[in-house]
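What follows is calculated from the coordinates using simple rules that are stated; it is not laboratory data. Just so it is clear, the structure is predicted and the values come from calculations on it, not from any experiment. FYI the Cβ positions are ideal-geometry reconstructions off the backbone, even for glycines, and counts take in every protein chain you see.
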Amino acid sequence: MDKTLYRLVYLSRNTITGDDDLLQEEIRGILDVSQRNNRQAGVTGALMFNTGCFAQVLEGPHNRIQDTFERIQCDPRHSHVSVLAFDRVEARYFSDWDMAFVGQNAQRIEQFAGFNERSSFDAKALDGDTVFELLRTHLDEAEQA
Ligand code: FAD
């Protein structure tokens, strides 16, 4: 099996509507399915969200990331899926997580991307490295808390 590793970073717009309880329930469902599927596929990564957007990092073999991402792109719970990076990497960063949940910390990403309820989504304002660093930093902080 080809052991070459890739990392995909994307942003998308959250389309889940409803109160906080419903949002939490949907996110729980996404994480449960992600952890189950990703473990089987050898994909690792991290997910961050808020009412405005999702940011996700997927790591693993090229074909496994592609299969996973094709399903993710079709999911009606988000839209405007925008790939920021899909690069070869030497090692996984999120190797201990089938899908780490970084939580509701996406405000910083929204600020960087320059969008909110009133403005348009501009993923071009961000690059994959910036989003990867944000998820990495937030996860490290959460682990130390
Ligand atoms: P099942 O879980 O059995 O679902 C069957 C079908 O129903 C799928 O088409 C699914 O999209 C749809 N579905 C299920 N629940 C809902 C719902 N509440 N609303 C609308 N449609 C629904 N999947 C991964 O495997 N790995 C990931 O890392 C991953 N990350 C995700 C990140 C985000 C931001 C989102 C929105 C989804 C993510 N998903 C991820 C879920 C992915 O989009 C698919 O739903 C999932 O992979 C399908 O898994 P399954 O084939 O086992 O089908």
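What the table below lists for this structure:
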| read-out | value |
| --- | --- |
| Separation in nanometres of the label points that stand 7 Å from Cα toward Cβ, at ASP67 and VAL33 | 1.7 |
| Sum of side-chain charges, ASP140 neighbourhood, beta-carbon under 13 Å (Lys, Arg +1; Asp, Glu -1) | -3 |
| Packing-based exposure ordering (other Cβ within 10 Å, fewest first) of THR68, THR51, THR17 | THR17, THR51, THR68 |
| Ascending count of other beta-carbon atoms within 10 Å, so fewest first, for SER34, SER82 | SER82, SER34 |
